[in-house]
Amino acid sequence: MTIKQEVVKFLQKNGVETRFISIVDEKVYVNNLKLSRFSRKKEDIFLEKFPNFEIRRSKVFQKICSRASRVLKNALSPHDRIILSNPSNCANLALYTVLEPYTRKYGAELLLQADDVGRWSELKLQEKKSELNMDSMALPLTLDGEVEHILETMLHGEKLELLSSHTSRNGLKMVYPLINVPASWIEKWVEIEGLNCVLEENNGLPVEILEFLEGFIPDVREKMMSSAFYLTGDK
């Protein structure tokens with residue numbers, strides 16, 4: 001039995017709902033404080049048994065998980081084999097941490113790959129699909145990434161097509177758990193937790209426009225996404 005299996009078994013035995021926590025390395029991240037039923041008393045009992053672990057109750061991470069769950073409840077199927085990139089940068093780390101409890105919630109299996117799976121050629125994707133027998137590919141596209149793409153498309157006068165509208169590739173489901181999550185939430189979570197990962201910074205006119213508009217419209221990203229859905233008919 002692995003240490004993670006021991007942790008899960010112990011928590012379940014003590015009444016913690018492990019479908020609403022993420023276990024990554026020696027940290028337990030609470031995804032939903034109420035549904036996890038992970039009280040301070042249960043935390044003390046757990047830490048007596050596993051003193052090397054930390055319990056993290058970040059509110060911003062709970063917000064990330066809440067938004068991601070809206071996508072995942074419709075995007076995943078029980079026992080899906082999900083391929084994703086190793087959590088080397090912060091977006092991929094957030095993606096993995098959000099998906100980890102679905103190994104218990106849906107019986108999913110996470111297949112980590114060393115390279116950027118989103119950049120695989122059609123040939124490599126087909127080979128890997130056969131080799132790993134995978135059902136889904138999870139990509140770390142955030143709300144900012146999609147909205148910046150919308151602005152870039154508009155500035156070039158091109159037909160609008162959302163990146164997240166590509167929901168299938170070579171018969172493989174394409175899943176975007178972070179599509180409703182602002183990049184700033186991930187940055188704040190990384191800062192709070194002191195995580196060792198690379199924050200990728202985007203520059204250019206779309207980013208400058210977003211930052212300018214945000215000064216007048218705090219939820220400009222969500223509003224632009226809503227408008228894009230109406231224009232493209234994706235929702």
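Every read-out reported here was derived from the displayed coordinates using simple, explicitly stated rules and does not represent laboratory data. Values in this document were obtained by computation on a predicted structure and should not be read as measured data. Here the Cβ is made from the backbone with ideal geometry for all residues, glycine too, and neighbour counts use every protein chain on show.
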Original post:
Using unit Cβ charges (K, R positive; D, E negative) and no other charged atoms, how large, in debye to the nearest 20, is the dipole of region 1-123 about its Cα centre?
Top reply: 800
Original post:
Using only the Cα atoms of region 1-70, what do you get for the radius of gyration and for Dmax, in Å?
Top reply: 11.6, 35
Subject >> Cysteines not pairable in the chain (beta carbon separation under 4.7 Å absent) >> reply: Cys65
Original post:
In cubic angstrom, how much convex hull volume per residue do the alpha carbon atoms of region 59-232 span?
Top reply: 129
**OP:** Take the alpha-carbon centre of region 40-64, take the same for region 151-209, and report the distance between them in whole Å.
**Re:** 29
Original post:
If we count GluC sites (Glu not before Pro) as exposed when they sit in a DSSP loop and have at most 14 other beta carbons within 10 Å, what is the longest stretch of the chain that avoids them all?
Top reply: 27-157
Original post:
Given Ala91, Leu112, Asn133, which one lies farthest toward the positive end of the charge dipole of region 73-140, if we put +1 on the Cβ of every Lys and Arg and -1 on the Cβ of every Asp and Glu?
Top reply: Ala91
**OP:** In nm, give the distance between the simple-model label positions of Ile217 and Tyr230, each being 7 Å from the Cα along the Cα-to-Cβ direction.
**Re:** 1.0
**OP:** Return one number: the angle in degrees, 0 to 90 and rounded to the nearest 10, between the long axis of the Cα atoms of helix 220-232 and the longest principal axis of the Cα atoms of the chain.
**Re:** 60
Original post:
Pairing the Cα long axis of helix 3-13 with the longest principal axis of the chain, what angle in degrees results, from 0 to 90 and rounded to the nearest 10?
Top reply: 70
Subject >> Cα-based reach from Lys223 at 24 Å (exclusive), listing lysines while leaving out same-chain residues under 8 positions away >> reply: Lys59, Lys63, Lys73, Lys159, Lys188, Lys235
Subject >> Neighbourhood net charge (13 Å Cβ-Cβ; Lys/Arg +1, Asp/Glu -1) for Leu47 >> reply: +1
Original post:
Size of the dipole of region 77-173 about the Cα centre, Lys and Arg at +1 and Asp and Glu at -1 on the beta carbon, nothing else charged, in debye to 20?
Top reply: 360
Original post:
Gain in length, Glu48 to Lys4, computed as 0.36 nm per residue apart minus the alpha-carbon separation, to one decimal in nm?
Top reply: 14.2 nm
**OP:** Treat each spin label as a single point 7 Å out from the Cα along the C-beta direction, and report the Glu127 to Glu158 distance in nm.
**Re:** 2.8
Original post:
Spin-label point model (7 Å from Cα, Cβ direction): what's the Asp115 to Arg169 distance in nm?
Top reply: 1.3
Original post:
Between Asn89 and Glu200, what length comes free when the chain is fully extended (0.36 nm per residue of separation minus the Cα-Cα distance, one decimal in nm)?
Top reply: 39.2 nm
Subject >> Cβ charges +1 (Lys, Arg) and -1 (Asp, Glu), total dipole of the chain, debye >> reply: 1480
Original post:
Given the Cα-Cα distance of Val24 and His79 and 0.36 nm per residue of separation, how much length would full extension add, in nm?
Top reply: 17.8 nm
Subject >> Principal-axis tilt of helix 59-75 within the chain, Cα atoms, nearest 10 degrees >> reply: 70
